[in-house]
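Written below as structure tokens is the structure these notes are about.
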Amino acid sequence: MLESTGEGTTTAAAGVLTLEKFGAESALIGREMADQYHRYNIDTEEVDDVDPLPHRFLVEVGKVGLAKFILSEVFHYGLKPDVILSRPCTYGVFSGPVGGFLPRPKLCVGCLRCTVQHPDFVKVLPNPDLLALGDKYTTHGHITAIDEESKKGMVPVRGQGYRGRFGGPGFDGMLTDMSEIVRPSRDGIHGRELIGTSVDIGTKPMHLSFDSDGNIVGKTPDMFTIKVPFVFDIPPGDLGTQRLAEVLNSTCKRIDTLACMNASDVLDWGLDAPHIVPVVSSPSPETAASFPKARLIELDAWNKQAFELLRSSTEALVGVRINFTDGWQETMMKAVNNRADVIHLNADLHGRGGDGRFVSDLLKEAHMLLIEKGCRDMVTLIGAGGIVSADHLPKAIISGLDAVALDLPVLFALQGRSHGSLQTRDGVKGTLPRKMTNDWAEQRLTNLCGSWRDQLLEILGAMGIREVRRLRGEFGRSMIVTHLEDEAFEGIEGYVSGGAA
Amino acid sequence: MMTIVKPSQTLIEKTTGLMQDGMNAVAFGEYGIPEALGDARWTDELILSTWYMAETGKIPDGLNYKTGKSDGGFDRLDFKFLPESEWLRHSEEIGTTLDLNRRGDAKRKLTCDIPWYGGGMSYGSVSVNVMMSRARNSARWNSFMSTGEGGYPAPLMECKENVITQVATGYFGVEEETIQAAPIVEFKYAQGAKPGLGGHLLAAKAGEEVAKLRGSVPFVSLFSPFPFHSTYSVEDHSKHLDWIETVNPTAILSVKVSTPHDVDMVAVGSFYAGAHIIHLDGSYGGTGAAPEIAKKNIAMPIELAIPKVHKFLQAEGVRDRVTLIASGGVRTADDIAKAIALGADGCVLGTTDLVGLGCTRCSNCEGGPSGRGCPWGLTTTDVELQEWVQPDWAEERLHNLYSAMQYRIRDILRKLGLSDVSELRGRTDLLSYIGKEAGE
Ligand code: SF4
Ligand code: SF4
């Protein structure tokens, strides 16, 4: 527990807690906090591409058709250059030195005016190279969104309404709620600048205990705070290079979050730092001493002996990674009962557990299990798997997580390319751009974090929720499309729950 | 930087001629369907059939003009038509009138000849040309069109009996005269495409004229905050409506809200506050600009909100004293009829009008990389681009489109054995759900 010493610093609580002391201490802490306050912000900045994605459209212009068209224009409007020189494209696709004879498709936004206006000699086609990116879960749509977010660091805004399917599987089948009148604050344009996105990592007792003299006895909270409800996970597959680790390291330091890395890599590359989480598999009594700056060390799977060894040899918090495979519930409870501070749950990269269930359902079960056992606040839940879009972040938190671990988005934020399926962590094959520099990569990841945080604020703002901690496990702030359909379409001939015939 | 000037008459004629001929050629099947056209909600065939109807006033053959491919909602609902031998004869006697004041109070007894009217698209998000064509078309159908939140351009006064004045959270362009001129005043609490987030007109689109009408500075981004900063409760909301009643005692009052999980409670509260029209705007609706995350994820699609509200109003015993209007993802005559069968009285259209005038759903309305807005001249006030939509042509297009849609509404009604659209309300027994095939 933190308490003011009266000298502008904080220290562990000691002595009798009287009402007067409590009042004086509280006032001091309040003053200190106010003096130290600065509004958290992620400094985003647009960066150039180093390996741009394939452009969205191909533009094909029939040269003969174009030549004929120009001739007829000259014939009809010879003395009116404004008329002859006018072009259908306001985005400059036909504004190169030789106009439509050498279009610039990378500028095309697909308004289709050219092809509608000149269907006889202009064609605009979706670019198959773009459509081929990703796999069936992490689609080209996710990848282009991440690419844009990482380039600009802004919330993607577009005209016209939603273009996709109605509801859908996985996270697409979950909607977030809003309030018609409740706001987090009436002060700002949307009040969103006052919404908190910090989360606590660690453990706190379900209640405090005092002895008859008013001294705190027993456990006190043991946690630290990060400024965003997401961390970076161990880069999957073959992505875990030193270069990437360095970029994750500097990005985490900049935005105040964490990056999980294999402990051997942390050692080999000299990356021990407060925001690096070494993940160890078979610790020795000396292992923890190799990471004196770590605030959290994770064990890569539950093993009581290894856990106790680690626990007894470090002041850092100790977390346990658990895959959603057979018996995960029992394993999780064992870890929690043995005082693991953090549980890091992993579905596969398509968001599926071993039994095929989607990660949102699995997370809800984990969250509810901990509530039923009366120990939810004693542990921090971090989760990963299937999080490839900004909307997945609040949805995973609603499902019960304290913080989300990001894996594949890192690859696509850095304009990397994947090869083959992206379902299993070990199976991921990817390449990062050769021209990537550390500064560029750090800014791209920072932009992604800024954009996802801002989008989280949009969701929280619409709900009227003032801090993300309050979103955890708030299933009532989500709506499940199949449940809404059951309510709306019940009794309609042919409708059965889930929409299946 | 290139200076953009109002185009010469010759250029307008050439460009609009090419655009219109091209739209017709593609819609009539003279060329293949453009491969990059359409999305799951507005498929290529829905867009082309809308163009076809807007040109001819008729239902097309060989194009799916009824549904999209969104795999849910309206796209998985169908009608349980009677056997052909029991169909009514197609007739203009089949009623399509929408009653807008069911409270039985002393205010105007307004009706529309068709069970839909035009949704708010503000000056700034669209041009005066687009607004005028929509307003004149509304007048021809004894229907209405909302100003959106951008003020009331003076030319609209010509159609004032058919123009709804919108009061939204930024109060942009709200004037006593325009409230007094309005047969209907619409309070916009939220918009389906960006519920809970307010509005945002990007600086590039807030030019001299737009800023003047909104009482702001040119080329400065304009935010409509969320929500009304004076509303915490139904009682506060009621005061809003009282205020309008004081300024214009005969106007009927519409309350536009989006679709949170408690939309049913919101609707009942609006009724008790004095609303004549409860307008639900679902999450898949159109917008000039909105965060992508909001469009897809916040609040519920309109198909799921209508039955919830309809049943709740029934249970509360007030269903017949209020008009329930649905919007946000309502695209076609078939969607309108399905919305009514789910429990709405009628619908509001926005995107459908734009598609009728050439919109390809490219999503660059907010300005796009050019910063100039819609290349089709729809969602822009750019001095050149806005000329690509000439009001007379556009009015005629919309009239044709509405004629075809009214025809289709009557066609649906007669095949269900109904002689008036009001008989369809809440008749979910006349709908069927198209289940998914195994493996779909
Ligand atoms: S589709 Fe639109 S953006 Fe693309 S080349 Fe044609 S006119 Fe330009
Ligand atoms: S920019 Fe124009 S054509 Fe494109 S979606 Fe918007 S209104 Fe439609």
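The values are calculated or read from the model by the stated rules, or taken from the named source; none is laboratory data. All values derive from a computational prediction rather than experimental measurement. Counting neighbours? That spans all protein chains shown, and the Cβs are built from the backbone with ideal geometry, glycine included. Areas reflect the complete protein model, heavy atoms only, side chains present, ligands, DNA and RNA absent. Shrake-Rupley method; radii C 1.70, N 1.55, O 1.52, S 1.80 Å.
Of the conditions (1) of a type in the set (A, V, I, L, M); (2) within 16 Å of ligand 2 (Cβ to nearest atom); (3) open to solvent by 20 Å² or more (accessible area, probe 1.4 Å), A:Leu133 clears all except one; give me its number.
Every listed condition holds for A:Leu133 apart from (2).
Among (1) under 38 Å from the mean Cα position of the chain (by Cα); (2) away from ligand 2 (no atom under 16 Å from the Cβ); (3) within 13 Å of another protein chain (Cβ to nearest Cβ); (4) open to solvent by 50 Å² or more (accessible area, probe 1.4 Å), there is one condition A:Asp49 misses while meeting the rest; what is its number?
For A:Asp49, the failing item is (3).
Please specify each residue of the range A:80-107 satisfying the condition of being more than 16 Å from ligand 2 (Cβ to nearest atom), farther than 20 Å from B:Glu384 by Cα and open to solvent by 20 Å² or more (accessible area, probe 1.4 Å).
A:Pro97, A:Val98, A:Phe101, A:Leu102, A:Pro103, A:Arg104, A:Pro105, A:Lys106
Quick check on the range B:272-288: of everything there that is farther than 18 Å from B:Ser327 by Cβ and not hydroxyl-bearing (Ser, Thr, Tyr), which residue is nearest to the other protein chains (Cβ to nearest Cβ)? Show your work before the answer.
Step one: of the range B:272-288, the residues farther than 18 Å from B:Ser327 by Cβ are B:272-274.
Those left that are additionally not hydroxyl-bearing (Ser, Thr, Tyr): B:273-274.
Values: B:Ala273: 12, B:Gly274: 17 Å.
Here the residue is B:Ala273.
Could you list, in sequence order, the residues of the range B:50-62 that are touching a residue at least 24 places away in the same chain (Cβ under 8 Å) and either open to solvent by less than 20 Å² (accessible area, probe 1.4 Å) or not β-branched (Val, Ile, Thr) (or both)? First the steps, then the outcome.
Here is the first cut: in the range B:50-62, the ones touching a residue at least 24 places away in the same chain (Cβ under 8 Å) are B:50-60, B:62.
B:Thr50, B:Trp51, B:Tyr52, B:Met53, B:Ala54, B:Glu55, B:Gly57, B:Lys58, B:Pro60, B:Gly62, listed by residue number.
Which numbered condition in (1) touching a Ser or Thr at 6+ places or on another chain (Cβ under 9 Å); (2) within 14 Å of another protein chain (Cβ to nearest Cβ) is the only one that A:Glu442 fails?
Going through the list (1) touching a Ser or Thr at 6+ places or on another chain (Cβ under 9 Å); (2) within 14 Å of another protein chain (Cβ to nearest Cβ), A:Glu442 breaks only (2).
Conditions tested, residue by residue: (1) open to solvent by 10 Å² or more (accessible area, probe 1.4 Å); (2) part of a helix (DSSP H, G or I); (3) at pLDDT below 95.
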{"residue": "A:Gly427", "(1), (2), (3)": "yes, no, no"}
{"residue": "A:Pro433", "(1), (2), (3)": "yes, no, no"}
{"residue": "A:Ala441", "(1), (2), (3)": "no, yes, no"}
{"residue": "A:Cys449", "(1), (2), (3)": "no, yes, no"}
{"residue": "A:Arg453", "(1), (2), (3)": "yes, yes, no"}
{"residue": "A:Glu458", "(1), (2), (3)": "yes, yes, yes"}
{"residue": "A:Ala462", "(1), (2), (3)": "no, yes, yes"}
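What pairs come up if the first residue lies in the range A:131-160 and is outside any loop (DSSP other than H, G, I, E, B), the second is open to solvent by less than 20 Å² (accessible area, probe 1.4 Å) and at pLDDT below 95, and their beta carbons are under 6 Å apart, counting only those six or more places apart or on different chains?
Qualifying pairs under 6 Å: A:Glu148/A:Pro156; A:Val157/B:Ala289; A:Val157/B:Pro291; A:Arg158/B:Ser363.
Within the range A:75-104, work out how many residues are away from ligand 1 (no atom under 16 Å from the Cβ), more than 9 Å from chain B (Cβ to nearest Cβ) and not in a loop (DSSP other than H, G, I, E, B). Write out each step before concluding.
Taking the range A:75-104 as the starting set, the residues that turn out to be away from ligand 1 (no atom under 16 Å from the Cβ) are A:75-84, A:97.
Narrowing further to those that are more than 9 Å from chain B (Cβ to nearest Cβ): A:75, A:78-79, A:81, A:84, A:97.
Checking which are not in a loop (DSSP other than H, G, I, E, B) leaves us with A:75, A:81, A:84.
So the count comes out to 3.
Output the number of the condition that A:Gly164 fails; it satisfies all remaining conditions of (1) surrounded by fewer than 20 Cβ atoms within 10 Å (Cβ to Cβ); (2) more than 16 Å from ligand 2 (Cβ to nearest atom); (3) not in a helix (DSSP H, G or I).
(2)
Filter the range B:106-151 down to the residues that are open to solvent by less than 10 Å² (accessible area, probe 1.4 Å) and assigned to a strand (DSSP E or B) and list them by number.
Hits for the range B:106-151 are B:Cys112, B:Trp116, B:Tyr117, B:Gly118, B:Val126, B:Met145, B:Ser146.
Determine, yes or no, whether B:Arg331 is within 22 Å of B:Gly192 (Cβ to Cβ), facing another protein chain (nearest Cβ under 7 Å) and modelled with pLDDT of 95 or more. Give the derivation first.
On the way: within 22 Å of B:Gly192 (Cβ to Cβ): yes; facing another protein chain (nearest Cβ under 7 Å): no; modelled with pLDDT of 95 or more: yes.
No: the conditions fail for B:Arg331.
Look through B:Leu304, B:Leu324, B:Leu357, B:Leu342 and report the one residue that is within 16 Å of ligand 2 (Cβ to nearest atom), of a type in the set (A, V, I, L, M) and closer than 25 Å to B:Lys66 by Cβ.
B:Leu357
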